[in-house]
Amino acid sequence: MEQKDYYKILGIEKNAADQQIKNAYRRLAFKYHPDRNISNSEAVEKMKSVNEAYAVLSNPKKRSEYDLLRQQFGYSAHQHFRKNYSDQDIFSGSDLNHIFEEMAKTAGLRGFDDIFREFYGPKLRTFEFHRPGLFGRGFVFFSRKAVLFLFNKLTGNLLPKKGQDISDTIYLYPLLAQKGGPYAYYLRGKSKKLIVQIPPGIKNRQKIRLSGQGKKGKGGGPAGDLYLKVCIKRSLVQWLRDTISGIRG
């Protein structure tokens, strides 16, 4: 793996302040932007290096870890750092997209979405969310788990999520199971009484689904469902038959 030094890539000192890091990145991002380097094939790789360096050094935690490795391993710190950090890890939480959009507005260059998909391919996804009093935009290197985690962090676990389903068993007399009709069921978790309509001819062990009667959803998501498994009681005649059969057997 090529040895890189993030500080040298951005042309800054080790003690550079946050604003100095951002200013250095803006200058180099504008310099190596693909729209300004159509005939320069090396600009893309330089731009990638600049992006990575800024994403690490603009993040206090990642910068601290990199500095420790740099003290220990010198210029090979980058190699050791990348063993523990994927592209998703490095770019997570970065404001690269905001800086690119600023350049797009002021200089008429292509914005973040186009450039980063060109650089990193289909694994990159951008997102935007709107909620009352809340708006956000960002990007992530795609995996369903990563997207859910990022949305939950950004929205304070407000991502709509269906509530958990719950299950219970009801015991019906044979006549009610055969003819069907209303059945009073007490929903303990919500402390309320439900009138369940038993369909005619329901069989033993069949389940009745009551939509929205499960646990409450999160972030405005729908409640889960309630599944009632039917257990048909034996009639007195059937009980006597089974008992006599058991005695004879």
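The values are calculated or read from the model by the stated rules, or taken from the named source; none is laboratory data. A quick note: this is a predicted structure, and the numbers were derived from the prediction, not measured. Cβ atoms come from the backbone with ideal geometry, glycine included; neighbour counts cover every protein chain shown.
Numbers below:
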{"quantity": "Test: residue in region 84-102 that is surrounded by 14 or more Cβ atoms within 10 Å (Cβ to Cβ), of a type in the set (A, V, I, L, M) and in contact with an Asp or Glu (Cβ under 7 Å, 6 or more places away or on another chain)", "calculated": "yes"}
{"quantity": "Subset of region 208-248 that is surrounded by 12 or more Cβ atoms within 10 Å (Cβ to Cβ), of a type in the set (D, E, K, R) and not in a loop (DSSP other than H, G, I, E, B) - its residue that is modelled with the highest pLDDT", "calculated": "Lys229"}
{"quantity": "Residues (assigned to a strand (DSSP E or B) and under 16 Å from Ser211 (Cα atoms)) located in region 174-197", "calculated": "Tyr185, Tyr186, Leu187, Lys192, Lys193, Leu194, Ile195, Val196, Gln197"}
{"quantity": "Matching helices (runs of 4 or more DSSP H) fully within region 1-75 where at least 1 residues are crowded, with 19+ Cβ neighbours inside 10 Å and charged (D, E, K, R)", "calculated": "42-57, 60-73"}
{"quantity": "Cβ-Cβ under 6 Å pairs, at least 6 apart or on other chains, region 152-178 side over 14 Å from Lys216 (Cα atoms), far side of a type in the set (Ser, Thr, Tyr) and at pLDDT below 85", "calculated": "Pro174/Ser235"}
